[in-house]
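Novice: One structure, as structure tokens, below. Some questions next.
The values are calculated or read from the model by the stated rules, or taken from the named source; none is laboratory data. The model shown is predicted, which means the values in this text are computed figures rather than measured ones. Counting neighbours? That spans all protein chains shown, and the Cβs are built from the backbone with ideal geometry, glycine included.
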Amino acid sequence: MEEAEGEKTLVYAIRPGVVARYGGRLALVLALLCLPPLAVALLYGEYPYVWRFAAVALVLVLAGLGARRLPEPERVRRNEGYAVTGAAFLLTPVLMAFALTPAGLAAPDLLFETISGVTTTGLTTLPAAQHPDATFLFTRAFMQWYGGLGIVILSVALLMQHQTAAMPWIEAVPAGENLLTTLRTHTVRVLKVYLVLTAVAVICARIWFGGWFEAVCHALSAVATGGFAFRGESLAGLSPAGQIGMAVIAAAGAVSLPLYYRLWSGDWRTLLHSAELRAYLVLLLLSGALLSLLYSWTTAASAGDSLRIGFVMGLSAQSTTGFANTSVGALSPALKLVLIYSMLIGGCVGSTAGGIKVYRLLVLGRVLQNDMQRAAAGEHAVLTPRLGGNTLAEPDIRKALLVGALMPGTCLLSWLPFLLYGYDPLNALFEVVSAVGTVGLSSGITSAALPAPLKAVLCFDMLAGRVEVLALLSLLYPHNWFGRRETLT
């Protein structure tokens, strides 16, 4: 009893003043992010958007300046770090939905689009026809770009002096390195890599799409592994080289971004010894080859077309991007199942990709292997799970186990309402896995005609997949909001 009471004294509720203080800083950043869409609205003469984006920016600036008057806390707890970033992902879609009102969509559909954008999912309720407003199309793609990694990295930067709060967004810190220095270095490097990848993607997309505006929007979506496309057929209207090129860019966005910096610095050894990168590349090849083989068996397509469609779809699903070069709804059940597995696993930790993440899959495999070895080992044998030559830390194992259980669990719970509404079981499972994995590939279920409760389920799934289920549950956990609080300073 005394032990339980002692544990309670170490549990503190979230302090609204702390969340407001750092939420205000993030509000100022988000106000700056309103400027590019506002500039596009002015450039294309779509003036109804202008005053709305200006109003959103003004509200954010006033909120940010007002929050600066709040006292600076000596430390920020981890649950408060989750709350700051979670609030950004919850409030940004609402503000952007107001700014995009001139697009003419119903309010639920507009909110669905903005949530899909900021979570880098790419599911859309719009019909196949291209939306005419440049501001709407650019804003969706730009939201994917800063939602993919920008908000998380910005949160780390804002919380940088508060190491415990920032640590949920950094998977591991090398032994012997100063934590604060590592966080600062990590943030700067990742942002540099993200900008360089974006610039390369824009140049390449300009070659394949022919126009700068379409190239920029598709490049932003590809690097963020988002998948919003202008055309109803997604990549199908591009040349074979363009389809493959965009899929490769998307797959590159799902690689851990710090690895690019190490490659640029000449650290080839780290790149070659990355177990996660090797596993990710193997999964890309396996999914592409299997999809190509199954597509060849189930259709009358030529070998060349089967390879192109199979590998583009495989790269898109594994990287959780959501670009497509064929109709997903017309695929055979076997092809859909392969895509479901790929979407659920996802890309690498430290990338813009969603899903469980390849690293965590490897951790689960090592833990299983270690447990099997223990069964055959002597009574006093000491066996510790290792990955890539490093001993796996208990927090990494715990998080891998939790995420590995919670993400499939979320998919299954979200699947039930679709079944109750009478949707095809496989197509419904495909849709919820696509939402939880923040992929955006659709079996044809997501549309304006989808019942509102099911749209709400997919919105929750997209947020859970982007913020990650653990962080979202932390926001919903009552003890994080009600209870004893530390003093602000």
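Novice: Out of everything in region 337-353 that is in contact with a Ser or Thr (Cβ under 7 Å, 6 or more places away or on another chain) and part of a helix (DSSP H, G or I), what residue ends up being surrounded by the fewest Cβ atoms within 10 Å (Cβ to Cβ)? Don't jump to the end; show me each part of the working.
Specialist: So in region 337-353, the residues in contact with a Ser or Thr (Cβ under 7 Å, 6 or more places away or on another chain) come out as 338, 342-343, 346-353.
The next check asks that each one be part of a helix (DSSP H, G or I); those that pass are 338, 342-343.
Numbers: V338: 24, S342: 29, M343: 29.
Among them, the one singled out is V338.
Novice: Of all residues in region 201-239, which are assigned to a helix (DSSP H, G or I), in contact (Cβ under 8 Å) with a residue 40 or more places away in the chain and out of contact with any Phe, Trp or Tyr (no Cβ under 8 Å at 6 or more places or on another chain)?
Specialist: Result: A201, C204, A205.
Novice: Please identify the pairs in which a residue from region 327-348 that is among the charged types (D, E, K, R) has its Cβ atom under 6 Å from the Cβ atom of a residue that is at pLDDT 95 or above and surrounded by 23 or more Cβ atoms within 10 Å (Cβ to Cβ), counting only partners at least 6 apart or on another chain.
Specialist: Filtered contacts from region 327-348: K336/F430.
Novice: A further question on this structure: Run down V118, V76 and say which single residue is surrounded by 24 or more Cβ atoms within 10 Å (Cβ to Cβ) and under 15 Å from the mean Cα position of the chain (by Cα).
Specialist: None of the other options fit; the residue is V118.
For (1) of a type in the set (A, V, I, L, M, F, W, C); (2) surrounded by fewer than 20 Cβ atoms within 10 Å (Cβ to Cβ); (3) touching a Phe, Trp or Tyr at 6+ places or on another chain (Cβ under 7 Å); (4) assigned to a helix (DSSP H, G or I), each residue gets a yes or a no:
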site: V56; (1), (2), (3), (4): yes, no, yes, yes
site: V61; (1), (2), (3), (4): yes, yes, no, yes
site: P71; (1), (2), (3), (4): no, yes, no, no
site: E80; (1), (2), (3), (4): no, no, no, yes
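Novice: Go through region 437-461 and count every residue that is over 23 Å from N325 (Cβ atoms) and either surrounded by 22 or more Cβ atoms within 10 Å (Cβ to Cβ) or not basic (K, R) (or both).
Specialist: 13
Novice: List pairs: first residue in region 56-70 and touching a residue at least 24 places away in the same chain (Cβ under 8 Å), second residue outside any helix (DSSP H, G or I) and of a type outside the set (S, T, Y) anywhere in the structure, Cβ distance under 6 angstrom, at least six positions apart or on different chains.
Specialist: Within 6 Å, the pairs are V56/C34; A57/C34.
Novice: Further question: How many of the residues making up region 240-287 are within 22 Å of G355 (Cα to Cα), polar (S, T, N, Q) and outside any loop (DSSP other than H, G, I, E, B)?
Specialist: Qualifying residue count, region 240-287: 1.
Novice: Of these, G245, G227, which one is of a type in the set (G, A, S), surrounded by fewer than 24 Cβ atoms within 10 Å (Cβ to Cβ) and under 24 Å from the mean Cα position of the chain (by Cα)?
Specialist: Testing whether each residue is of a type in the set (G, A, S), surrounded by fewer than 24 Cβ atoms within 10 Å (Cβ to Cβ) and under 24 Å from the mean Cα position of the chain (by Cα) leaves just G245.
Novice: Please verify whether region 236-246 includes one or more residues that are in contact with a Lys or Arg (Cβ under 6 Å, 6 or more places away or on another chain) and of a type outside the set (G, A, S).
Specialist: Scanning region 236-246 turns up at least one residue that is in contact with a Lys or Arg (Cβ under 6 Å, 6 or more places away or on another chain) and of a type outside the set (G, A, S).
Novice: Select from region 130-155 the residues that are at pLDDT 55 or above and of a type in the set (A, V, I, L, M) and list them in ascending order.
Specialist: Those that are at pLDDT 55 or above and of a type in the set (A, V, I, L, M): A134, L137, A141, M143, L149, I153, L154.
Novice: Please name all residue pairs, on different chains or six or more residues apart, with Cβ atoms under 9 Å, provided the first residue is in region 14-28 and is under 19 Å from L95 (Cα atoms) and the second residue is crowded, with 19+ Cβ neighbours inside 10 Å and among the acidic types (D, E).
Specialist: Once the first residue is under 19 Å from L95 (Cα atoms) and sits in region 14-28, its partners that are crowded, with 19+ Cβ neighbours inside 10 Å and among the acidic types (D, E) give V19/E80; Y22/E80.
Novice: State whether one or more residues within region 354-365 are in a loop (DSSP other than H, G, I, E, B), over 30 Å from M246 (Cα atoms) and modelled with pLDDT under 90.
Specialist: Within region 354-365 (the criterion being in a loop (DSSP other than H, G, I, E, B), over 30 Å from M246 (Cα atoms) and modelled with pLDDT under 90), the answer is no, since none of the residues qualifies.
Novice: Please list, ordered by first then second residue, the pairs with beta carbon atoms under 6 Å, 6 or more apart or interchain, first in region 92-105 and of a type outside the set (K, R), second in a helix (DSSP H, G or I) and surrounded by fewer than 17 Cβ atoms within 10 Å (Cβ to Cβ).
Specialist: Here the result reads P102/P48, each pair linking region 92-105 to a residue that is in a helix (DSSP H, G or I) and surrounded by fewer than 17 Cβ atoms within 10 Å (Cβ to Cβ).
Novice: Evaluate the following for L42: is it without any contact (Cβ under 8 Å) to a residue 40 or more places away in the chain, of a type in the set (A, V, I, L, M, F, W, C) and crowded, with 18+ Cβ neighbours inside 10 Å?
Specialist: no
Conditions tested, residue by residue: (1) out of contact with any Gly (no Cβ under 8 Å at 6 or more places or on another chain); (2) under 30 Å from D461 (Cβ atoms).
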{"position": "G45", "(1), (2)": "yes, no"}
{"position": "Y49", "(1), (2)": "yes, yes"}
{"position": "R52", "(1), (2)": "yes, yes"}
{"position": "L60", "(1), (2)": "yes, yes"}
{"position": "E72", "(1), (2)": "yes, no"}
{"position": "R75", "(1), (2)": "yes, no"}
{"position": "A87", "(1), (2)": "no, yes"}
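Novice: State which residue pairs qualify: first residue in contact (Cβ under 8 Å) with a residue 40 or more places away in the chain and closer than 18 Å to A87 by Cα and inside region 448-463, second residue polar (S, T, N, Q) and crowded, with 17+ Cβ neighbours inside 10 Å in any location, beta carbons under 8 Å apart, and separation of 6 or more residues or different chains.
Specialist: F460/S414; D461/T410; D461/S414; M462/S116; M462/T119; M462/T121; M462/T438; L463/T119
Novice: Go through region 424-456 and give me each residue that's in a helix (DSSP H, G or I), of a type in the set (A, V, I, L, M) and under 17 Å from the mean Cα position of the chain (by Cα).
Specialist: V432, V433, A435, V436
Novice: Please specify each residue of region 387-399 satisfying the condition of being without any contact (Cβ under 8 Å) to a residue 12 or more places away in the chain and more than 25 Å from L272 (Cβ to Cβ). Outline the logic, then answer.
Specialist: Step one: of region 387-399, the residues without any contact (Cβ under 8 Å) to a residue 12 or more places away in the chain are 390-391, 394-395, 398.
Listed by number, the residues that qualify are E394, P395, R398.
Novice: Continuing with the same structure: How many residues does region 317-336 contain that are part of a loop (DSSP other than H, G, I, E, B), of a type in the set (S, T, N, Q) and either within 15 Å of T438 (Cβ to Cβ) or in contact with a strand residue (DSSP E or B) (Cβ under 9 Å, 6 or more places away or on another chain) (or both)?
Specialist: 3
Novice: Starting from region 400-416, keep only residues that are at pLDDT 95 or above, then list their pairs with residues that are in a helix (DSSP H, G or I) and exposed (fewer than 14 other Cβ atoms within 10 Å of the Cβ) whose Cβ atoms are within a distance under 9 Å, requiring at least 6 positions of separation or different chains.
Specialist: Note: pairs meeting the criteria are W415/P425.
Novice: Tally the residues that are under 22 Å from the mean Cα position of the chain (by Cα) and buried (at least 17 other Cβ atoms within 10 Å of the Cβ), restricting the search to region 403-423. Even if it seems obvious, please write down each step before you answer.
Specialist: We begin by selecting, within region 403-423, every residue under 22 Å from the mean Cα position of the chain (by Cα); these are 403-415.
Going one step further and asking which of them are buried (at least 17 other Cβ atoms within 10 Å of the Cβ), we end up with 403-404, 406-407, 410-411, 414-415.
Count: 8.
Novice: If you go through region 435-444 one residue at a time, do you hit one that is at pLDDT 95 or above and more than 24 Å from A224 (Cα to Cα)?
Specialist: no
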